[in-house]
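Written out below as structure tokens is the structure these notes cover.
The values are calculated or read from the model by the stated rules, or taken from the named source; none is laboratory data. Everything numeric in this text was worked out from a predicted model, so none of it was measured. All Cβ positions, even for glycine, are placed from backbone atoms using ideal geometry, and neighbour counts span all protein chains on display. Ligands, DNA and RNA are stripped out before the accessible areas are found, and what is left, the full protein with its side chains, is counted by its heavy atoms. Shrake-Rupley method; radii C 1.70, N 1.55, O 1.52, S 1.80 Å.
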Amino acid sequence: MTSRQVIVAGVGHTAFGRLTGRTALDLETEACRLALRDAGLAPGDIDGLITDPGPAQGVLQGIEPHYVRLGRTLGLAPDFAGTELLGGASSVSSIQRAAMAIGSGLCSVCLCVYGDMALSTEGSFAYPRGEEAAFGFFGATGLHALAARRHMARFGTRREHFAEVAIAARAHAARTPHAQLRTPLDIDGYRASRMIAEPLCLADCCLVSDGAAAVVLCAADRTAGLPARPVRVLAHGQAHSLGTFSNPEHFDTLPAARCGPVTLARAGLTAGDVDVAMLYDCFTIVVLMQLEAYGFCKPGEGGDFVTGGRIGPGGALPVNPSGGLMAEGYGGGMLHVVEAVRQLRGTAEGRQIAGAEIALVSGHGLAMNTHATLILGR
Amino acid sequence: MTRPARPESPVAASVETVAGLEAAACRACGKLFLPVAPVCPDCWSNRIGRRRLSGRGEVATFTIYRQAYDADFPPPYVLAVIALREGPRMVSNVIGCAPESVRVGMKVAVRFVARGDRILPLFAPDVGAADPDSTRTDEENQRD
Ligand SMILES: [Zn+2]
């Protein structure tokens, strides 16, 4: 069976930060309007809708799934629709699901949307972790701290390595006009950051934000006359680790180690071909683990890899040139897709990576259970 | 962090009667696993029994919570993944020592503690493990 080529036709997003007085629905519709305008398309062209509501609004309101509420508000009667359930991997998996639907002819123009009022909603990320909340297991930081401690114990990784990731993100964001946190960070500032769950301090954690972002995917045969330079979906993949914390591998490796190299290979690429790495950066440790999982360096060498500003602006591999979740804003992962598209279009202005042709976008979610990989090309 | 078991408390009294830490044991393939579930994750057999464990193991990884998330858990406290001697791992707390003294690989032994209306298997440094000539039994370690 031949599959239709899928391209990204439009991207858009709201401001990110504390947006008092707004609602998630209001932000999502703004992002959709902007993405549609960027694509040069009209509301009547949309025949697919996949959504990624953040943790504060959740995937259901009562019995109503999120895509129904957003689709009703936008007056849509799509041929394909749904809401993703992969936690932080949901933005990337929404693109993936849309690409599969378009590729197999179920729809032709699909809107993928993330939105939430996570900052203005108290305790968005302070949730109890199931049965293990009986032991004080709360939130995402403690969970990733368990992985960070393993990395330190197994490989001699130090907090200074984590600091490199945070410092690079802030340096990138200083060049991103819409970023939520644009003040630079240095090692002294990192060391002064208060501990949340050792060894992770506040500076190891991503932002919490109000905001929304949207991406329009389109069948290549429908793009004649559209204004933006098309960005192609080259490959995508997923891998999950659904075992319990009893699995001895759980805190040592990410499912990205399985889907990362495989997805790159599906596009005929290796890590060395990636010009723009948009890695899901909920915590600094997750960036190190992904650099290893995707094959940018060997297992255990993530700390050495990032040392000396190598993932910062002008580094050998700039990671998240917009600042990512750590400094641009918590956009679920959809802002990562938006930035990849801007870099490949060559419209990232003061932070443009010269000659960017291949972008890798990742999503990582839940209790380190889920991973999604997207490869985009110019 | 842990509420001391008060002698007059009925919950505290039942702590003393906890037999010991148990894991699910697959009667088809012998797999030991936690948490207890109705099917073996390796062979999917539903013939699942229980096996008493030594209650001893080591800290596979841990974090010291410094931020308060819940009024019942004032920081600092140690959340850890314990690798039990028999194989299964479980999330628990390390108690009975300064949080800063916890290390990956540290030997620990189970200690049942009443928390609210539940009795939870927590872990404390395993003094016996540090001394191979020790004649202390698991039960004695549990009652430290
Ligand atoms: Zn079995």
- request: Working from Cα positions, state the angle (0 to 90°, nearest 10) between the long axis of helix A:334-345 and the longest principal axis of chain A.
  value: 70
- line: So, relative contact order of chain A in percent, Cα under 8 Å, 6 or more apart, is 26
- prompt: Semi-axes of the equivalent ellipsoid of the range A:65-122: what are they in whole Å, largest first, if each equals the square root of 5 times a C-alpha gyration tensor eigenvalue?
  reply: 22, 15, 8
Under the Debye formula (equal points on every Cα, no solvent term), log10 I(q)/I(0) of the range A:321-378 at q = 0.24 Å⁻¹: -0.99
- line: Rounded to the nearest 10 degrees, the helix A:90-103 long axis (Cα) sits at an angle to the longest Cα principal axis of chain A of 30
statement: Per-residue average of other protein chain Cβ atoms inside 10 Å, peptide A:243-251 -> 6
- line: Residue by residue through the range A:66-81, the couplings from Karplus 6.51 cos²θ - 1.76 cosθ + 1.60 with θ = phi - 60°, in Hz, x for Gly and Pro, are 4, 5, 5, 5, 5, x, 5, 4, 8, x, 8, 10, x, 7, 8, 7
- prompt: What are the principal axis extents of the Cα atoms in the range B:10-129, in Å, biggest first?
  reply: 43, 35, 31
- line: Sorted list, accessible surface of protein heavy atoms, 1.4 Å probe, largest first, for A:Leu143, A:Leu366, A:Leu269 is A:Leu366, A:Leu269, A:Leu143
- prompt: Which of the GluC sites (Glu not before Pro) found in the range A:93-153 are loop residues per DSSP with 14 or fewer other Cβ atoms within 10 Å of their Cβ?
  reply: A:Glu122
statement: Hydrodynamic calc, chain A: Kirkwood Rh from Cα pairs, then Stokes-Einstein at 25 °C with viscosity 0.890 mPa s, so D in µm² s⁻¹ is 121
message: Can you tell me how the range A:137-229 classifies by the Cα gyration tensor, rounded, prolate or oblate, using a/c under 1.5 as the rounded cut?
response: prolate
Shielding by partners - mean other protein chain Cβ count within 10 Å, residues of A:136-145: 6
task: Please report the Cα spread of the range A:166-309 along all three principal axes, rounded to whole Å, starting with the longest.
output: 54, 40, 30
- prompt: What fraction of the DSSP beta bridges in chain A is antiparallel, stated in percent and rounded to the nearest 5?
  reply: 75
- request: With only Lys, Arg, Asp and Glu charged, each at its Cβ (+1 for the first two, -1 for the last two), find how big the charge dipole of the protein assembly as shown is about the Cα centre; round to the nearest 20 debye.
  value: 440
